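One structure is given below, encoded as structure tokens.
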Amino acid sequence: MNGRFGEYGGQFVAETLVGPLQELEEEYQKALLDPEFTAELDKLLKMFVGRPTPITELHRLGATENGVKLWLKREDLTHTGAHKINNSIGQALLARRLGKKQIIAETGAGQHGVAVAAACAYLGLEATVYMGRVDAERQAPNVQRMELLGARVELVDLGTATLKDAINAAIREWIARPDTTHYLLGSVVGPHPFPTIVRNFQSVIGREARAQFLEENDRLPDAVVACVGGGSNAAGMFSAFLDDPVRLVGVQAAGEGKGGQCGHAAPLLYGDPGVLQGTRTYLLQDDDGQIQLTHSIAPGLDYAGVGPEHSHYKDTGKVEYISASDNEALDAFVALSSQEGILPALESAHAVAGALKVARQCAPGSTVLVNLSGRGDKDLTSAMAALKQREENAR
Amino acid sequence: MKRIEQTFTDNRTKDETTLVAYITSGYPLLGETVGLISAAVEAGADVIELGVPFSDPLGDGPVIQATGQAALDTGTTAAATLDVVAEARAAGVEAPIVLMGYCNPFLRYGLTQLYDDARSAGVDGFVVPDLPVSEGAEWLAHAEANELGQTFFTAPGSSAERIAASAAASRGFLYVLAANGVTGVRKDLDPGLDAYLERVRAAGDTPMAVGFGISRPEHVASLHGKTDGVIVGSALLQAIGAARDAAGRRQAVTGLISSLKAATR
Ligand SMILES: Cc1ncc(COP(=O)(O)O)c(C=O)c1O
């Protein structure tokens, strides 16, 4: 592992963290070669997480767009309700190998926090989860779940009190206690080796989905679509299709839908390369290199940076990055629920909204596989409020 | 860089600890920074470490975070900080001044332009806390080309190899993190500090300065002979922040720096 994705990635961290990151990388390498580790991970993915998750064919959504067939990879059906658990269980096992009982984590939507809390409870580790106060308010059910699952939730008031600020708080805590603590980072962001480790733990999504799709259709999908916040569900999904003649599309959060430097969380569309939280990647920043405020209705996508691997895929054209606005995501949230009986997370609703755009560009009869990264129970309050607001504004 | 080396050499000869004073550029106001630098130097600071504020300072605790945010709120940038240094030079400040800042604002400025402009403004070196040696090649090349210092770090948990690498790569001085964690005032120095300082000392002859948690004359006095320099930051900014007006802020700097200086001998 060299930690570079083209000119992106790297390890821009305080000297204090260089040793612990190296230790993590070495332990991970050892674990990969240890049949006991892989066997235990496989067992937990099956018996605790509930894998494999199915793929589901949609019958109405997308059918009006050129007669394109949409399929969903159902990460919403994992234990705790999002793909985050794939990585949490893997890293929790690594932490145990490292002899670290204290786990810290950041969370945006709360899904990673819940996954960490559950994994730690199951494996007998102690979890502390940092969460921006704004996110804690808009994802209140997940705060309760984390606490019930035995995690300590630390609210973060810095900055915009969202995901980036929660990551800052977690990293500062890790710098203070690097010897006893494992930082269980929840996406393919941060310093090397996190982007690689997290992607590899999430690659189970792509491996399963590709095989399942082939099994059902005797062919590969024409396009594969996933939402991109930090980019872990997308990286895991895409990893199985990189050598295939398949169009890969990442969907970022367009927020208010006006582009420019603010009011969204789409660094891959509107940002420039820079260094944030240990990695070189596309960022939303001003002319002086200060990180910009972001906005998305989906807390898990509300982030000024993105995983370095995606920055590389953007530059090389391996993956196309498009965006979906708050409004488009809300439409998809309602449509998938009412027309297909599946309630998506607002993050995943961005993927569905993006997939409908892709479907419009596809030849009739094409198939599009969408990673439904999580379920939407956590979003009911904020989505219903946003829908009501939208109705009132329309009057 | 010459000025940094000269300062450490002179103080070694005199058996005095080099006192490095950290000030956040633009805190509380850009117009006061030159005055605060002068006050620190007049009171005995040997080196000024001038902080360029960043929105996400991962190595800093609440005190320096807050000063950085206040400085950003009043429009402090890397460019404005270079102007501060040029003004300080015009005002007769001769002490070495190193710029402390996180990667991103510097990268955004452009490294070629930055090092060039820094040299012209009278900057002596750079301290970049999120730049370990493994990522530092390009920065070092610019520092060398402009005869500027480039400071790398050691941490309490750094292996012998990493300490050696940071010491060897550093130009000017090596920053020895006294403790794990972020910047901030700490009541006591770590009990394991002496042994760690000996390990760093053994790694080479690059002047070393100890920072993080140094806030009182007793800390400085207890480090005499164990390090070439000490760095004081949060305590100084706290003193500045507690004063009521510009004159009070200068006095606060004079008061704290003089008392720390007395402990360097
Ligand atoms: C359901 C769901 N999807 C997607 C994301 C975005 O993360 P990533 O881009 O790393 O998959 C989150 C993050 O919280 C999430 O909860």
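Just so it is clear, none of the values below were taken in a lab; they were calculated from the coordinates. These figures come from a predicted structure and were not determined experimentally. Here Cβ is always computed from backbone atoms with ideal geometry, including for glycine, and neighbour counts include all displayed protein chains.
Tabulated results
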quantity: Mean ellipticity per residue at 222 nm, deg cm²/dmol - from DSSP H runs of n ≥ 4 across chain B, formula -39500 (n - 2.57); calculated: -15000 deg cm²/dmol
quantity: Per DSSP, loop chymotrypsin sites (Phe, Trp or Tyr not before Pro) in segment A:280-357 with at most 12 further Cβ within 10 Å; calculated: none
quantity: Gain on full stretching of the segment that runs from B:Ala202 to B:Ala242 - 0.36 nm per residue minus C-alpha separation; calculated: 10.4 nm
quantity: Number of partner chain Cβ atoms within 10 Å, mean per residue of B:122-135; calculated: 4
quantity: Among beta bridges that DSSP assigns inside segment A:240-368, antiparallel share in %, nearest 5; calculated: 55
quantity: Extension gain (nm, one decimal) between A:Glu147 and A:Ala39, 0.36 nm per residue minus Cα-Cα; calculated: 35.9 nm
quantity: Two-site label geometry, B:Ala66 and B:Leu111: point separation in nm, points 7 Å out along Cα→Cβ; calculated: 3.6
quantity: Relative contact order computed over segment A:129-279 (Cα-Cα under 8 Å; 6+ residues apart), in percent; calculated: 17
quantity: Selection of trypsin sites (Lys or Arg not before Pro), segment A:309-359, meeting DSSP coil and at most 14 other Cβ within 10 Å; calculated: A:Lys318
quantity: Length-normalised contact order of chain A in % [C-alpha pairs under 8 Å, at least 6 apart]; calculated: 20
quantity: Karplus (6.51, -1.76, 1.60) ³J(HN,Hα), θ = phi - 60°, over segment B:19-28, in Hz, Gly and Pro reported as x; calculated: 9, 9, 10, 8, 10, 7, 4, x, 10, x
quantity: Shielding by partners - mean other protein chain Cβ count within 10 Å, residues of B:157-163; calculated: 3
quantity: Interatomic Cα distance distribution for chain B, bins of 5 angstrom, percent; calculated: 1, 6, 14, 19, 22, 19, 12, 5, 1, 0
quantity: Modelled FRET efficiency - R0 25 Å, A:Lys258 with A:Glu7, Cβ distances, 0.05 increments; calculated: 0.25
quantity: Protection-proxy order for peptides A:55-64, B:55-64, each taking the mean of Cβ atoms within 10 Å per residue, highest first; calculated: B:55-64, A:55-64
quantity: Cα gyration tensor category, rounded, prolate or oblate, for segment A:304-371 with a/c compared to 1.5; calculated: oblate
quantity: Residues whose placed amide H lies under 5 Å from that of B:Thr76, excluding near-sequence neighbours; calculated: none
quantity: Whole-number percent relative contact order across segment B:141-265, with pairs defined as alpha carbons under 8 Å at least 6 apart; calculated: 21
quantity: Within segment B:1-107, GluC sites (Glu not before Pro) in DSSP loop having at most 11 other beta-carbon neighbours inside 10 Å; calculated: B:Glu94
quantity: Rounded, prolate or oblate (a/c below 1.5 giving rounded, otherwise prolate when a/b exceeds b/c) for the protein assembly as shown by Cα gyration tensor; calculated: prolate
quantity: Rounded, prolate or oblate (a/c below 1.5 giving rounded, otherwise prolate when a/b exceeds b/c) for chain A by Cα gyration tensor; calculated: rounded
quantity: Order of A:Asp379, A:Asp287, A:Asp179 under a 10 Å beta carbon neighbour criterion, fewest first; calculated: A:Asp287, A:Asp179, A:Asp379
quantity: Sorted by Cβ neighbour density within 10 Å, fewest at the top, the residues A:Glu75, A:Glu256; calculated: A:Glu256, A:Glu75
quantity: Dipole of chain A [Lys/Arg +1, Asp/Glu -1 at C-beta], most positive-end residue of A:Leu220, A:Phe12, A:Ala265; calculated: A:Leu220
quantity: Sorted by Cβ density within 10 Å, fewest first, the residues A:Asp331, A:Asp157; calculated: A:Asp157, A:Asp331
quantity: GNM top mover of A:Val358, A:Val224, A:Val188 - chain A, alpha-carbon springs below 10 Å; calculated: A:Val358
quantity: Local electrostatic count, B:Tyr115, Cβ distance below 13 Å [Lys/Arg +1, Asp/Glu -1]; calculated: -4
quantity: Peptide-level mean, for B:73-83, of C-beta atoms on other protein chains within 10 Å; calculated: 1
quantity: Inter-label distance, nm, simple model (7 Å from Cα along the C-beta direction), B:Glu161/A:Ala176; calculated: 3.1
quantity: Cross-link reach list, lysines versus A:Lys314, counting only Cα pairs under 19 Å and skipping chain neighbours closer than eight places; calculated: A:Lys357
quantity: About the Cα centre, charge dipole magnitude for chain B (Lys/Arg +1, Asp/Glu -1 at Cβ), debye; calculated: 520
quantity: From phi via Karplus (6.51, -1.76, 1.60), per-residue ³J(HN,Hα) for segment B:118-126 in Hz, x at Gly/Pro; calculated: 5, 4, 4, 6, x, 6, 9, x, 10
